[in-house]
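Peer 1: My structure is below; once you've seen it, I'll send some questions.
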Amino acid sequence: MKQIMDVTIDKRVAQCRMTSKRLIGRKWNMKSPGNENKKDLNDIVTGGLAESINRAEEVMALRAQIGANTAIASGAEFGYLFDRLQVMLGQYAILVVTRMFEPEEDGFQPTSIPVALNNMRFNADYLEIQDRDFILRKLISFGHEEKEFEGIPTPWITQLVRKEFADRLPDIREPDANDLSRALFSLKQMRDVSASDSATSQEGLNTEESDRNLKTLLMYARDFVDTIGRGYLGVSLKIDTKVVESQLKQLLQQAGIVS
């Protein structure tokens, strides 16, 4: 009887040890919520939004260079080609910029500013501020007073930053509310025009108004990405359109279109 009890006890001890090893393993393999949420925010901001801004800025630079070159505009040989290229570049710019303002819908999370703001809203407790002085200066530029931040914990400051950008987020349901809402509403209408109205949409793509709307939305997007990048991720937004501009110029020179 004693032998049976000893065997039973030994089995239970062995089971407990195996369970302990599994639990210890799980403990060591646990991921920090802060690191995971920072990675998610980093993927949205520096991996997605920053790239979208750079692509849009490059397209805008190419459009400006083609539009400003009278030799291209008046050239009978390649005039139609560059006119079509202007239209396609405009369509692409509108697609990229409007996508940055798409809200989360039916579980689908686009790489957009509203999704990044939701990430900050629900994970503020886990997000660390990398450059607190920069973030506080940003809040002061929004109209806050420095004394407001005395003794305030980091999550509250994060919520203030989030709220400032969320309050300025364009709303196409109220296009007359401000310039941002008006710009997004106009560009989305242009983007969603049906194929039967393509002539009208192409005409609109080459207007100063569409370019102005794109620049208005890009200014907001750059400010958001730069603020979150520098303040929380330790990364500054860098935009460089010189490469594509230089290569286009070289191409036009080699083709003999411009001198």
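The values are calculated or read from the model by the stated rules, or taken from the named source; none is laboratory data. On a predicted model such as this, the values are computed, not experimentally measured, just so you know. Here the Cβ is made from the backbone with ideal geometry for all residues, glycine too, and neighbour counts use every protein chain on show.
Peer 1: Just checking, does the range 120-130 include any residue being touching a residue at least 40 places away in the same chain (Cβ under 8 Å), of a type in the set (A, V, I, L, M, F, W, C), farther than 13 Å from Phe224 by Cα and surrounded by 15 or more Cβ atoms within 10 Å (Cβ to Cβ)?
Peer 2: yes
Peer 1: Here's a follow-up. The conditions are (1) modelled with pLDDT of 95 or more; (2) outside the structural domain of Asp131 (by TED's automatic domain parsing), and Ser259 fails exactly one of them. Which is it?
Peer 2: For Ser259, the exception is condition (1).
Peer 1: For the range 115-170, give me each residue that is in contact with a Pro (Cβ under 7 Å, 6 or more places away or on another chain) and assigned to a helix (DSSP H, G or I).
Peer 2: Scanning the range 115-170 gives Ala124, Asp125, Tyr126.
Peer 1: If you don't mind, there's one more thing I want to ask. For the range 124-176, name all the residues that are over 21 Å from Leu41 (Cα atoms), at pLDDT 95 or above and of a type in the set (Val, Ile, Thr).
Peer 2: Ile140
Peer 1: Condition first: under 30 Å from Lys39 (Cβ atoms), within 19 Å of the chain's Cα centre (by Cα) and not in a helix (DSSP H, G or I). Can you find one or more residues in the range 171-178 that meet it?
Peer 2: Looking through the range 171-178, at least one residue is under 30 Å from Lys39 (Cβ atoms), within 19 Å of the chain's Cα centre (by Cα) and not in a helix (DSSP H, G or I).
Peer 1: Across the range 231-259, what is the total count of residues that are basic (Lys, Arg) and within 14 Å of the chain's Cα centre (by Cα)?
Peer 2: 1
Peer 1: Would you say Ser112 is among the small types (Gly, Ala, Ser) and either without any contact (Cβ under 8 Å) to a residue 40 or more places away in the chain or within 30 Å of Lys249 (Cα to Cα) (or both)?
Peer 2: no
Peer 1: Here's something else I'd like to know. So for the range 81-104 (the condition being farther than 27 Å from Asp211 by Cβ, of a type in the set (D, E, K, R) and without any contact (Cβ under 8 Å) to a residue 60 or more places away in the chain), does at least one residue qualify?
Peer 2: So far as the range 81-104 goes, yes, one or more of its residues are farther than 27 Å from Asp211 by Cβ, of a type in the set (D, E, K, R) and without any contact (Cβ under 8 Å) to a residue 60 or more places away in the chain.
Peer 1: How many of the residues in the range 234-252 are surrounded by fewer than 11 Cβ atoms within 10 Å (Cβ to Cβ) and over 16 Å from Asn69 (Cα atoms)?
Peer 2: 3
Peer 1: Scan the range 88-119 for residues that are hydrophobic (A, V, I, L, M, F, W, C), crowded, with 17+ Cβ neighbours inside 10 Å and more than 20 Å from Lys39 (Cα to Cα) and report the count.
Peer 2: So the answer is 6.
Peer 1: Just to be sure, is Ala71 among the aliphatic types (A, V, I, L, M), surrounded by 10 or more Cβ atoms within 10 Å (Cβ to Cβ) and either under 26 Å from Met219 (Cα atoms) or at pLDDT 90 or above (or both)?
Peer 2: Judged against the criteria, Ala71 is not a match.
Peer 1: Just give me the residues in the range 220-237 being in contact (Cβ under 8 Å) with a residue 40 or more places away in the chain, assigned to a loop (DSSP other than H, G, I, E, B) and either touching a strand residue (DSSP E or B) at 6+ places or on another chain (Cβ under 9 Å) or not hydrophobic (A, V, I, L, M, F, W, C) (or both), in sequence order.
Peer 2: Gly234 - this is the single residue of the range 220-237 that is in contact (Cβ under 8 Å) with a residue 40 or more places away in the chain, assigned to a loop (DSSP other than H, G, I, E, B) and either touching a strand residue (DSSP E or B) at 6+ places or on another chain (Cβ under 9 Å) or not hydrophobic (A, V, I, L, M, F, W, C) (or both).
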